[in-house]
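The values are calculated or read from the model by the stated rules, or taken from the named source; none is laboratory data. No experiment lies behind these values; they were computed from the predicted model shown. Note that we place each Cβ from the backbone using ideal geometry, even for glycine, and neighbour counts take in every protein chain shown.
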Amino acid sequence: MATVFLCYFNFPFNQHPIIMSNFSRRQWIQKSLLASTALLVAGPAGAYNASGIDPSSEQNGLLKLNWNENPYGPSDKALKAITQAIKESNRYPDAVVNELKSKLAQRFGLKSSQVMLTAGSTEVLSLLGQHVGLKKGEILTPWPSFPTLIRFGQACGASIKKVSLDKNDRLDLNKLKDGISSSTSLVFVCNPNNPTSTEVDNDDLKSFLRAVPENVLICVDEAYIEFSKKGEKGSMASLIKELPNLVICRTFSKAYGLAGLRIGYALSSKMNIDALRSRHLGWEISAGIAPLAGAMATLDDPEFLKMCVRKNEEGRSIVYKAFDDWGIEYRPSSTNFIYARSDAFRKNIISSLQQKNILITKWPDMTHHIRISIGKPNEMKQFVQAAKAYLV
Ligand SMILES: Cc1ncc(COP(=O)(O)O)c(C=O)c1O
């Protein structure tokens, strides 16, 4: 059991690429750089922004409804903590690293050694993708789903097996289960799912996770869990003690409103966390003292989280109402974005809204859908008013 991460590809401990006793760090860094180059060529996850506009131009009156950011963050408490922490920027942040890890561990009933802090959950996803890719393993994923792990994996040599969603654009857990074979190295589960905004039933997901063979890694990406029906209670983190092959990815970028600070984390068995840490270029922590302090303060501010979730629901219902009135099909969202059919709009709705400084998005293989992130209620009214002009 203790060697779960290692047995995914039947490696003896000292030959495992992520332990690297027999695999020089220089070789690994070279591989990583090659992978990064490939990713640069392919473009970052942000390349999914169909607008092509640099997000840094947000200040220029742009209504950014394209990257699922939180319009209310950072919280006042986080801002205060960040400002204070900046003054200590001359020091390495190890004390705050330990503090945040132990706070998260306590929250989930785990040990600090089962938590890894990263610069956004993108880092955990990329490490897992690299892990499978460098071993030429196979990633099984529902599709469409969040592409970061898949793209990193592919760039590093993994093969990808995609399984379609069900007719309601939810993860099809039966199909996913049927898709597992002796070649499967990792199953990716994004719940709630991006881009479709749907979630699966908690008990169904638990049964599925328990049915995945022990030698297959599972990555459950819970970037939007706080917006889901059960909120934090819907997290699969409670299964970590039971399933040593389970890695949960979490982020402070969405409901906590700290996307620009880049802070996220992984929860898993100690063995997996040690393995991930050993191949992390930032030696576990790539987030600086300000993101760490911001995350600590936000965790202690449940009122801010509640407000963000409530306001998100308010923003969502403004769009639901308009779409209902217009007969636009959309998926009831468990996230801070809406996935809607695009057929009832003119084909150029995205570029036309962009001309009006309103950014929404669609991904390359979303041929009949658009995705609208939820901003403040007045911003959603602005979106509705503008979008109405493009109904066919
Ligand atoms: C499902 C999902 N996972 C992970 C991420 C990465 O977020 P971050 O790196 O900011 O934590 C995103 C970002 O949009 C996402 O939608």
Check your understanding: All but one of (1) over 21 Å from residue 140 (Cβ atoms); (2) within 14 Å of the ligand (Cβ to nearest atom); (3) not in a helix (DSSP H, G or I) hold for residue 260; which doesn't?
Key -> (3)
Check your understanding: Scanning for something among the charged types (D, E, K, R) and surrounded by fewer than 19 Cβ atoms within 10 Å (Cβ to Cβ), does the stretch 185-200 turn up at least one residue?
Key -> no
Exercise for review: Those residues that are closer than 23 Å to residue 68 by Cβ and either within 16 Å of the ligand (Cβ to nearest atom) or in contact with a Pro (Cβ under 6 Å, 6 or more places away or on another chain) (or both), I need them from the stretch 163-186; list them, please.
Suggested key: 165, 169, 170, 171
Revision key, fill the gap. (1) closer than 24 Å to residue 146 by Cα; (2) free of Cβ contacts under 8 Å to residues at least 60 places away in the same chain all hold for residue 352 apart from (1)
Study note, to complete from the structure: Picked from the stretch 195-213 (must be in contact with a Leu (Cβ under 8 Å, 6 or more places away or on another chain) and touching a residue at least 40 places away in the same chain (Cβ under 8 Å)), the residue farthest from the ligand (Cβ to nearest atom) is 198
Exercise for review: Could you identify the single residue in 347, 356, 388 that is in contact with a helix residue (DSSP H, G or I) (Cβ under 6 Å, 6 or more places away or on another chain) and not hydroxyl-bearing (Ser, Thr, Tyr)?
Suggested key: 356
Review point. Taking residue 268, is it in the same structural domain as residue 193 (by TED's automatic domain parsing) and modelled with pLDDT of 95 or more?
Key: yes
Review point. What residue, of 154, 130, is outside any loop (DSSP other than H, G, I, E, B) and closer than 30 Å to residue 341 by Cα?
Key: 154
Check your understanding: Just one of 83, 118 is at negative phi, in the same structural domain as residue 251 (by TED's automatic domain parsing) and within 12 Å of the ligand (Cβ to nearest atom); which is it?
Key -> 118
Point to revise | Selected residue [out of contact with any strand residue (DSSP E or B) (no Cβ under 7 Å at 6 or more places or on another chain) and within 14 Å of the ligand (Cβ to nearest atom)] from 255, 290 | key: 255
Exercise for review: Only residues in the stretch 242-271 that are over 15 Å from residue 100 (Cα atoms) count as the first member; pair them with residues that are basic (Lys, Arg) and within 9 Å of the ligand (Cβ to nearest atom), Cβ under 8 angstrom, at least 6 apart or cross-chain, and list the lot.
Suggested key: 253/262
Review point. Exactly one of (1) more than 18 Å from residue 145 (Cα to Cα); (2) touching a residue at least 40 places away in the same chain (Cβ under 8 Å); (3) surrounded by fewer than 19 Cβ atoms within 10 Å (Cβ to Cβ) is unmet by residue 345. Its number?
Key: (3)
Review point. In the stretch 157-178, what count of residues is obtained for those that are buried (at least 17 other Cβ atoms within 10 Å of the Cβ) and assigned to a helix (DSSP H, G or I)?
Key: 2
Revision key, fill the gap. Taking the stretch 201-241 and the residues there that are among the small types (Gly, Ala, Ser) and outside any helix (DSSP H, G or I), the one that is surrounded by the most Cβ atoms within 10 Å (Cβ to Cβ) would be 223
Point to revise | Any chance residue 141 is among the β-branched types (Val, Ile, Thr), surrounded by 24 or more Cβ atoms within 10 Å (Cβ to Cβ) and within 16 Å of the ligand (Cβ to nearest atom) | key: yes
Check your understanding: So is residue 190 more than 22 Å from residue 364 (Cβ to Cβ), touching a Phe, Trp or Tyr at 6+ places or on another chain (Cβ under 6 Å) and within 16 Å of the ligand (Cβ to nearest atom) or not?
Key -> no
Exercise for review: With the checklist (1) touching a His at 6+ places or on another chain (Cβ under 9 Å); (2) more than 11 Å from the ligand (Cβ to nearest atom); (3) part of a helix (DSSP H, G or I) in hand, flag the one item residue 123 doesn't pass.
Suggested key: (2)
